[in-house]
Amino acid sequence: MVLVAGVLELGRGYAFAVETSDAARDAARYVAGKTATTNGPGLAAMCSLVTADLAAVTANVSCPTQVNHAPPFVAGTDYTKPFPGQAVVAVYCGTTNNCTGAIPTLYQSEVDVYVFYGFSDLNILGGGITITGSSRATTAW
């Protein structure tokens, strides 16, 4: 029974990992969608996209924490560690330090989006695992 439960929990954790990675990838592409004629969607719109992507996993999404340095991000310093069932989004917007869409970014500026999800298993795998999905994109111009 323990072996079967462990396999089921691993499968569930993998499914959540895929969801968080997909959400991070979509968010990075969305924020990096700035062009020479538009300043991009901004962080609030990106948060709505991540929330929609993670709707099957959780309704508790804390968005976004803008970090002023390139990854890796440190839990407790750069973002709040998620509790079980919560997703936390951290964003780094390259050299401009501005993801709001108000300031045009530099050419090919880097955007890093990390989605951290607090996975709560049945304590078969130790409980309290943080699943991380991340993606890097560059602005369109």
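The values are calculated or read from the model by the stated rules, or taken from the named source; none is laboratory data. Quick caveat, the model's predicted, so the values are computed rather than measured. Cβ coordinates were reconstructed from backbone atoms using ideal geometry, including for glycine residues, and neighbour counts include every protein chain displayed.
Overview of results
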read-out	value
Residue within segment 53-66 that is more than 12 Å from PHE116 (Cβ to Cβ), modelled with pLDDT of 90 or more and part of a helix (DSSP H, G or I) present	yes
Subset of segment 20-45 that is assigned to a helix (DSSP H, G or I) and over 10 Å from the mean Cα position of the chain (by Cα) - its residue that is modelled with the lowest pLDDT	VAL31
Residue, surrounded by the most Cβ atoms within 10 Å (Cβ to Cβ), within segment 7-24, restricted to residues that are in contact with a Leu (Cβ under 8 Å, 6 or more places away or on another chain) and aliphatic (A, V, I, L, M)	ALA23
Check on VAL89, in a strand (DSSP E or B) and either under 19 Å from ILE131 (Cβ atoms) or small (Gly, Ala, Ser) (or both)	yes
